[in-house]
Amino acid sequence: MSYPPPTVQTVLPILPIPSLYGHELDWLRAMVVDPDIALSYLETAELHLKLRFLYQHFFPFEFRLSTARRYWESEQHSEEELEFFALIHDRLFYLPVDGDEGLCTGIPIYSITPDYWYDEYEWEELDILEKLLLGLSEQVEWDMVEQTFFAVPLLAPISPSQIDWQKFKLNCESMPEPLNYFHLAVQMFDRDTNNPFIDNHDYEYVDFWTWSVEAIEELTYYYRRAIQAQQHVQVLVDWLTERPARLIQLLELWNQSAKSIPAVPNIKIMTASELNQNWSIRHEFR
C-alpha cells in the first residue's frame, strides 16, 4: 500500500516515498505535512462527510437509489452532493447551486425578491404597487407616479421621514384584507422582514448558516414564510390592478400614519409693568 493514500496526495506537498527496505527515517519524512495544508484537507473532508449525512437524513429514499458518483475533487462538489443541492432547491428552499463556483462551505442564501435600491429595472415592466412604492420611497419623482395613473387623482404623500412606522403598522393591521398587507409590502420593499430570503441583497454566503440539520430546517421554515408573504402581497397587487383608483386608500393609510407633532407650549410674554405687578402679588402672599 502506498503512502500517503491517493486522496491525501492531492493536497499534500511532494514527499519522499519510503524505500523498498522500509527504513523508518523515510516513513517519518513522509509523515511531515504542512499544518495548514493538513488542516484544510481535514476541513474539506469533514464538509463532504457532513453533506453526505445531510443527504441521507433529509432524503433517505433518494439517497438509497442514487447512482451519482460520490468521488470529489479538490474544491469541487461530487455528483452526489450536487444531486442533494438540487433536491433541496426543488423541495425545501431556494438553492440554485450549479457546482461551478467551488465548494459551498456554508449554505448560500439568495433573495427571492428584487432589490429596487440596487437592481436595474424597467418602469413599464413594474406592477402598480411597485410603482407606488418607488414613489413613496422617493426613489422616483412623484410626478412620474401621477403621470402613470393620470386617470386617478392621487393625494400627495408625506415624506417617509415623517412616518410613524409603528402607527403605520397598526393602521394597516386594522384594515380588512388585502389593505392589511400594505405594511408587509413596504417591509418587503425595504428588505426589513427579518427573513433571509427577502432581506439578503448581497447574494453572498451568510456565514452563520452552517451545514446542519437545524439550519436546513430553519431555512425551510423561512422560505415557506417568504413564499407566503409574496402571495399576500400579490393579492394586494391584483386588487389594485383590478381598480387602480384604490391607490387612494393606500395613500390615505400612508398619510394617516404621520408622526404626532409635539404641542407647542403656550408662553405668555409679559410687559415690565405686568412683571412688576406679578412680583408684588407674590410678595403679598408670603
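What number comes out for accessible area per residue over the stretch 123-260 if the probe is 1.4 Å? Units Å², please.
Values: 7450 Å² over 138 residues.
Ligands and nucleic acids excluded, the figure is 54 Å² per residue.
For a quick protection proxy, order the peptides 173-186, 68-81 by their average other-Cβ count within 10 Å, most packed first.
Working: 173-186: 17.1, 68-81: 15.1.
Sorting 173-186, 68-81 by mean packing, highest first, produces 173-186, 68-81.
Just the number, please: carbon plus sulfur as a percent of the accessible area of the stretch 98-155, 1.4 Å probe, no ligands or DNA/RNA counted.
Carbon and sulfur together cover 47 percent of it.
Please report the projected area of the stretch 123-260's Cα convex hull averaged over all directions, in nm².
With every direction weighted equally, the projected area is 9.6 nm².
Just the number please: accessible area per residue for the stretch 38-105, 1.4 Å probe, all protein chains included, in Å². Kindly include the intermediate steps, with their values, before the conclusion.
Values: 4130 Å² over 68 residues.
Per residue, the stretch 38-105 has 61 Å² of solvent-accessible surface.
Taking amide H atoms as placed 1.01 Å from N in the peptide plane, list the residues 5 or more away in sequence, or in a different chain, whose amide H sits under 5 Å from that of ALA258.
The answer is ASP164.
How many angstrom separate the Cα center of the stretch 226-251 from the Cα center of the stretch 75-109?
Between the Cα centre of the stretch 226-251 and that of the stretch 75-109, the gap is 34 Å.
The values are calculated or read from the model by the stated rules, or taken from the named source; none is laboratory data. Note that this is a predicted model, so its numbers are computed, not measured. Positions of Cβ are backbone-derived with ideal geometry, glycine not excepted, and every protein chain shown enters the neighbour counts. In case anyone asks, the SASA skips ligands and DNA or RNA and just uses the protein heavy atoms, side chains included. Shrake-Rupley method; radii C 1.70, N 1.55, O 1.52, S 1.80 Å.
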